[in-house]
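Here is the structure we will look at, set down as structure tokens.
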Amino acid sequence: MTDDSSTAKPIGPGDHVFLVDGSSYIFRAYHALPPLTRKSDGLPVGAVSGFCNMLWKLLREGLTPEKGDEPTHFAVIFDASGKSFRNDIYDQYKAHRPEPPEDLRPQFGLIRQAVHAFNVACVEMLGFEADDLIATYAKRAREAGAKVTIIASDKDLMQLVGGDVDMFDTMKNKRIGPDEVVEKFGVPPEKVVDVQALAGDSVDNIPGVPGIGVKTAAQLIEEFGDVETLLQNAETIKQKKRRENLIEFAEQARISRKLVELDQNVPVEEGLDDFAVTAVDGAKLVAFLKALEFSTLTRRVAEATEVEGAEVEATEIVVKGWESAAEAAPGEDGAASAPSGGLSTGGKSDFTPKALSEERIDRIASLKTDTSAYEVVREEAALQSWVDDATEQGFVAVDTETTSLDPMVADLVGVSLALAPGRACYVPLQHKAGNGDLLGGGLVEGQIPVQKALEILKPMLEDPAILKIAQNMKYDWLVLARHGATTVSYDDTMLISYALDAGKGGHGMDELSKRWLGHEPIPYKEVAGSGKNAVTFDMVEIERAAAYAAEDADVTLRLWMLLKPRLVAERGTTVYETLERPLVPVLARMERRGVAVDRQMLSRLSGDFAQGMAALEAEIHELAGETFNIASPKQLGEILFDKMSLAGGKKTKTGAWGTGAGVLEELAAQGHDLPQRVLDWRQLSKLKSTYTDALPGYINAETNRVHTSYSLASTTTGRLSSSEPNLQNIPVRTEEGRKIRCAFVAEKGMKLVSADYSQIELRVLAHMAEIPQLTKAFEDGLDIHAMTASEMFGVPIEGMEPSVRRRAKAINFGIIYGISAFGLAAQLGIPRGEAKDYIDKYFERFPGIRDYMEETKKFARANGYVETVFGRRAHYPEINTKNPNMRAFQERAAINAPIQGSAADIIRRAMLRMEEALRHSDLGAEMLLQVHDELIFEVPEGEVDKTIPVITEIMEKAALPAVQLKVPLQVDARAADNWNEAH
DNA sequence: CCTATATCGTA
DNA sequence: GTACGATATAGGA
């Protein structure tokens, strides 16, 4: 490509040979790229795509975009299937290699075809692994005085580095020279085989010597020079166990050395001269790339080779070896989509994402749960080796074990990792000696010090090239963040499940495991006890802890393998990637910041409420003529309806008297004193027990602030929920209640800013149902409830009676909730018939709303789910149930979900953009809380005026650019010293 | 000790 | 009429 030298001259100094390790590239690309990148007819091409991009880049630019580094000779080397000479030495060599995944298999052939399309030499030889061929060619090139770059990252090739031979990892864009080899193995390249022989390798099933990892091996080789010398002097080793192992497993070490040492003298057929780079045949390459639908690369190649892309006809491609894959699991609806671009997919095969994902579900679910291979990692070298394997593989399931369910106080007890189904480990870090009672012992022996372990884990957690897979990552993210590591690049099986199956059940690990893997993980209770026998995880014996923890990581990995392809197959990727996953660190940071509460103010309020309650209690008992537990609905019902025989009592479904607020209010309206006193008492009791008494208990001893926990996956609609404590239900409606809000305060020198969406759900409804009057009203900034009343009852907005507006407001809320005459009647305290008249009247004025509601129900009945404007799905599997009451309930929920859910999506989008926007404007504001349509910030006093417009703008434009709402969003924001005044 | 029910706080 | 979580009581284990 560099020039058009057609006559090959013998290779020599000044030449630069590129040897690409094709086989290992395929596996890495497969795992590094999204699981289901495929052509329009379903042919999986993710790995091929990555490979073609790499080839093109290397041929054009060499290793760096600067000129002068281009290859003169280029070859891609593959493993040929079949056994190699290493199996003769050791029959277990690479014995544990799993079969390649189904959706990777067809890509092996395609990659070889790609090499030919690039006019590049393609080498493989039966009985020899790619690494040996690379070793042989590298040696020959070196001897001829040429430079060699091996395009690979495989540590087995590192023994070849040195002099004019180096390696280059294209995925990390990193050169591997002698220094990098030393970094990895602790010894220079020529000693790498000795270290590998001692340390062994679980992936290739190289046995090595037990108890010796890379670090120890490097020390020993440093000291003795090579394996043979070491083995002959093994008696001189001081450490008993190590000495014994070296003696006992000496032969195994010798075999291992033979296995890892590459053969540099393979009798290859093609010479280096055959690898001379020739000009790319633009038309041929474009035709191939076009057939695979790599549009960007096709265009680039067409431009660079001056080929008119549109005029080139796509190559006919036949893919071997996937008829068998298709037969193993035929697609549900049989017929594959029609082949396009001249690609034959083998006739009957169905390679749609749907079919492949279903196949994957079957495959993962049918794997047996083998927990026997779980490992307890007690040494740094062993942990490093797991981390290395994770780095190599590009993904790893991670789970932390801690002392608390609250991530803000949890201390790290251990970490588990899983690399493949059944291949998991537990790393105990801070298990304590369980002397049962007091004092407890110190740390149990045989654990890596936490700081050391974190030093090893941190680079992996912070490496964007390694995907960390967790179940409920927010928890682990926070724990790890508090221990100094910021996790990037992650997947969360809980959130994948939520994006796919909201409404179909919970998303906890045990539940998902049962549902998808048919496997019931060890219950936490069985490991750590429950009730008064419960102990923190650090008191659990290590072997028991390991069985539990490693299983969690294993199950998480399996769930990921099973669920992740469903995202593509079921169109969940966008929701997962834009609304769920990125919110994890945003919420984690909000939780970590917490909010300040005034402990004294709460304590004083508790006292006030207690006084009020005591006074009311005396009056109530006086009126009742006896003392009873006012907090007991059962006792209260008996007093009111049995003893006092008040009218209007209704039994609940359990046969007890109903004593809800509605009932008591009705009795109060009849002129009875006792029910009103009970209502007042209940209000104070609620405020005291739920808020003023409970909140101080949530103040974190270290931060002096309250840290709620947001759940991303517990509502059907997409809303967040808040717990421990729930800060989304802090009182606001009554005077007494608002006093509690006053206790939520800003730090000294700061203000609280509250910004809330005005009528966001009605606006979303106006958009989705396309209601002209509503849209107009919102555009004109009208009072929407007054406008509704005006439309319905024909009265002017000016001078409208408050009761009229109140009725319209109730109807508007009713509409959002899927309205029923029964519900509206209850809300307004009017007869059912009257409520029905209102509803009819409303639909007469806004027929579009009725249409929208009917359409939504129809859609839900047909599909079992409904969607928000951003594509989030809420499932209602029971919507076609026979029971009319239950069905009506499902229908109302299904009507409400797109409205509530779209609003939830909008505020999520705002939150996702908020931190960056504030930082970009150089503002110190921090987001503290979310209450469905409201965000609360803590803002430096002097920055309030600059901050409010930034917050408001982000929130008002949050739907853009994904959705252009037909209705403007309006945000009101205020600053004050406490939440009550800011709201 | 654990779970279900009733009640009530929020959007 | 939608969506949640916390609390206290009560009843079965």
Quiz item: So which of A:Lys504/A:Lys809; A:Lys468/A:Lys751; A:Lys241/A:Lys368; A:Lys458/A:Lys564 end up more than 27 Å apart, counting from Cα to Cα?
Solution: A:Lys504/A:Lys809; A:Lys468/A:Lys751; A:Lys241/A:Lys368
Quiz item: Can you list the aspartates and glutamates whose alpha carbon is less than 13 Å from that of A:Lys452, not counting same-chain residues fewer than 8 positions off?
Solution: A:Glu379, A:Glu380
Exercise. Could you pull out every whole DSSP H run in chain A that spans at least 30 Å of Cα extent along its own axis and averages -0.5 or higher on the Kyte-Doolittle scale?
Key: A:542-569, A:599-624, A:884-920
Quiz item: Just how far, in whole angstrom, is region A:814-849 from region A:386-438 if you go by their alpha carbon centroids?
Solution: 55 Å
Quiz item: How do A:Tyr475, A:Tyr25 rank when sorted from fewest to most other Cβ atoms within 10 Å of their own Cβ?
Solution: A:Tyr475, A:Tyr25
Quiz item: Fewest first, what order do A:Thr136, A:Thr486 take by the number of other Cβ atoms within 10 Å?
Solution: A:Thr486, A:Thr136
Quiz item: What is the order of A:Phe822, A:Phe51, fewest Cβ neighbours within 10 Å to most?
Solution: A:Phe822, A:Phe51
Quiz item: What aspartates and glutamates sit close enough to A:Lys290 to cross-link, taking a C-alpha to C-alpha distance under 17 Å and skipping anything fewer than 8 places away on the same chain?
Solution: A:Asp41, A:Asp281, A:Glu303, A:Glu306, A:Glu308, A:Glu311, A:Glu313, A:Glu316
Quiz item: For chain A, what is the mean residue ellipticity at 222 nm derived from helices alone (per DSSP H run of n ≥ 4: -39500 (n - 2.57); sum divided by total residues; nearest 500 deg cm²/dmol)?
Solution: -14000 deg cm²/dmol
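For the pairs A:Lys57/A:Lys83; A:Lys215/A:Lys240; A:Lys83/A:Lys174; A:Lys155/A:Lys432; A:Lys39/A:Lys966; A:Lys643/A:Lys836, flag any whose C-alpha to C-alpha distance is greater than 27 Å.
From the list (A:Lys57/A:Lys83; A:Lys215/A:Lys240; A:Lys83/A:Lys174; A:Lys155/A:Lys432; A:Lys39/A:Lys966; A:Lys643/A:Lys836), the Cα-Cα distance tops 27 Å for A:Lys57/A:Lys83; A:Lys83/A:Lys174; A:Lys155/A:Lys432; A:Lys39/A:Lys966; A:Lys643/A:Lys836.
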Self-check item: Extension gain, A:Ala304 back to A:Asp226 (0.36 nm per residue minus Cα-Cα distance, nm)
Solution: 23.0 nm
Quiz item: Using only Cα atoms, what is the ratio of the radius of gyration of chain A to 2.2 N^0.38 Å?
Solution: 1.13
Quiz item: What order do you get for A:554-567, A:775-788 when each peptide is scored by the mean count of other beta carbon atoms within 10 Å, highest first?
Solution: A:554-567, A:775-788
Exercise. Could you please report the charge total around A:Ser404, scoring K, R as +1 and D, E as -1 over all other residues with beta-carbon less than 12 angstrom from its beta-carbon?
Key: -4
Quiz item: In whole Å, what is the distance between the alpha-carbon centres of region A:171-208 and region A:548-563?
Solution: 29 Å
Quiz prompt | Contour excess over end-to-end distance, with Cα ends at A:Lys238 and A:Arg363 and 0.36 nm allotted per residue | solution = 40.1 nm
Quiz item: Rounded to the nearest 5, what % of the DSSP beta bridges within chain A are antiparallel ones?
Solution: 65 percent
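None of the figures in this text is laboratory data; all of them are computed from the coordinates on show. In this text, all values refer to a predicted model and were calculated from it rather than measured experimentally. Here Cβ is always computed from backbone atoms with ideal geometry, including for glycine, and neighbour counts include all displayed protein chains.
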